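Participant: Pasting in a structure now, in structure tokens, and then I'll have a few things to ask.
The values are calculated or read from the model by the stated rules, or taken from the named source; none is laboratory data. On a predicted model such as this, the values are computed, not experimentally measured, just so you know. In this analysis, Cβ positions are derived from the backbone assuming ideal geometry, glycine residues included, and neighbour counts consider all displayed protein chains. Heads up: the accessible areas ignore ligands, DNA and RNA and are worked out on the full protein's heavy atoms, side chains in. Shrake-Rupley method; radii C 1.70, N 1.55, O 1.52, S 1.80 Å.
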Amino acid sequence: MEILPQFPQVKTSFYADPEQIREALVNLELNALEAMPEGGSLKISLAQYPGEGAVIRVSDTGVGIPEGAESKIFDPFFTTKEGGTGLGLAIVYRVVKNHGGEISVERNESRGATFTISLPAAKGLLGCFGAVGPIPAGK
């Protein structure tokens, strides 16, 4: 199994609950590893854009997402795996939304899938238990 992390040289600030972000990334990584039972490649990259936020991509060369499932994979209890609970991607979705972000998924050209998480720059965000950063003036 090959894991290829990529990190930017430039840093930008954004508020995040590190435990929630870690949980979201672990869920994506575990899904990727389960989708590659015979091995493959897992690529995690982070791009930061000053004043705009950050983009995290988790890409694998696994079995991919079944046709027509893209619109349902973030729904609680929806699963394509035997024995799956359907909670992993629902948790990822909720964590990203709690941080004011967006998440999307695409099939890779050859094999697997890429999940893209976009997190906004520091402007004041809501976590599960309230604000995790300053609220912008005028809000």
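Participant: So, with a 1.4 angstrom probe, what is the percent of accessible area on segment 15-55 that is carbon and sulfur?
Facilitator: About 54 percent, which is the carbon plus sulfur part of the accessible surface.
Participant: Starting from the 7 Å offset along Cα-to-Cβ, what nm value, one decimal, do you get for the label separation of I91 and V26?
Facilitator: Each label point is offset 7 Å from its Cα along the Cβ direction, giving 0.7 nm.
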